[in-house]
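Visitor: Could you have a look at this structure, given as structure tokens, before my questions?
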Amino acid sequence: MKRVFLFILVVAFGFMGFSCASVDGMSDTTKGAAIGAGLGAIAGQIIGGNTAGTLIGVAGGALVGGLVGHEMDYQKDKSAQSQKPVYTSADPQQQPPGQWVEVPGQWIGGKWVPAHKAWVPVNP
């Protein structure tokens, strides 16, 4: 009976974890904490075999999952900020002297960089 309950618990938390991961509006921190809490509860129950072990597993899993999710959010924000162009306005009065040039795709540092436009300033 105990094995059947444990199997049902594992399957239920697995479905709950994947359902949380598919929600677009949630941050990775929230998803990580939810999935970590579920996995921690399962691990705590298996290791401790009592309610205290389960609760400790939930707390530890939520903490670790939240930290991992927060780091994933940070990396996404960092990469999004590094891809923003410096001059985005098409109004020539707002830009310093220079011109937009088309840069062909090329290999840089072992990575393929697709074709893009770059601002080339002109010294007055």
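Visitor: Does residue 47 satisfy the condition of being at pLDDT 85 or above, over 15 Å from the mean Cα position of the chain (by Cα) and surrounded by fewer than 15 Cβ atoms within 10 Å (Cβ to Cβ)?
Guide: Values: at pLDDT 85 or above: yes; over 15 Å from the mean Cα position of the chain (by Cα): yes; surrounded by fewer than 15 Cβ atoms within 10 Å (Cβ to Cβ): yes.
So residue 47 fits the description; yes.
Visitor: Starting from the range 23-47, keep only residues that are acidic (Asp, Glu), then list their pairs with residues that are modelled with pLDDT of 85 or more and open to solvent by less than 40 Å² (accessible area, probe 1.4 Å) whose Cβ atoms are within a distance under 7 Å, requiring at least 6 positions of separation or different chains.
Guide: Short answer, once both residue conditions are applied: 28/69; 28/73.
The values are calculated or read from the model by the stated rules, or taken from the named source; none is laboratory data. Bear in mind the structure is a predicted one, so any value in this text is a computation, not a measurement. Methodologically, a virtual Cβ is constructed for each residue, glycine included, from the backbone with ideal geometry; neighbour enumeration extends over all protein chains shown. All accessible areas refer to the heavy atoms of the entire protein, side chains included, with ligands and DNA or RNA removed. Shrake-Rupley method; radii C 1.70, N 1.55, O 1.52, S 1.80 Å.
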